[in-house]
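Novice: Please read through the structure below; I'll follow up with questions.
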Amino acid sequence: MSLAPLHRLIKKAAGGAYRVSENAADELRKALEELGIKIAREAVDYCAHAGRKTIKKEDIELAVKKLLKE
């Protein structure tokens, strides 16, 4: 994943008044990747429970709700 979009994301969250280090952007990349993997694993479980082999938007939405609720 490219770091440029993450730099923009952090700057947007900060109101644009701050500079963003490479280490900060890289750390956000790692955190988002870990969260993405957790969401994907949860979505796979929902998909399997429904007896499907295709992960649908709804599986991701349910996984996000569950994981961000905790």
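The values are calculated or read from the model by the stated rules, or taken from the named source; none is laboratory data. No experiment lies behind these values; they were computed from the predicted model shown. All Cβ positions, even for glycine, are placed from backbone atoms using ideal geometry, and neighbour counts span all protein chains on display.
Novice: Filter region 1-25 down to the residues that are without any contact (Cβ under 8 Å) to a residue 12 or more places away in the chain, assigned to a helix (DSSP H, G or I) and within 30 Å of Thr54 (Cα to Cα) and list them by number.
Specialist: Hit for region 1-25 is Pro5, nothing else.
Novice: Same structure again: For region 11-58, which positions are surrounded by 11 or more Cβ atoms within 10 Å (Cβ to Cβ) and over 22 Å from Met1 (Cβ atoms)?
Specialist: Listed by number, the residues that qualify are Asp45, Tyr46, Cys47, Ala48, Ala50, Arg52, Lys56, Glu58.
Novice: Next question, about the same structure. May I ask you to say which residue of Leu32, Leu62, Leu68, Leu28 is among the hydrophobic types (A, V, I, L, M, F, W, C), at pLDDT below 95 and part of a helix (DSSP H, G or I)?
Specialist: Working: Leu32 fails: at pLDDT below 95; Leu62 fails: at pLDDT below 95; Leu28 fails: at pLDDT below 95.
Unique residue meeting the criteria: Leu68.
Novice: Could you please tell me which pairs satisfy a Cβ distance under 7 Å, a separation of 6+ or placement on different chains, a first residue in region 34-57 that is within 21 Å of Leu68 (Cα to Cα), and a second residue that is among the small types (Gly, Ala, Ser) and outside any loop (DSSP other than H, G, I, E, B)?
Specialist: Ile39/Ala63; Glu42/Ala63; Ala43/Ala63; Tyr46/Ala63; Ile55/Ala43
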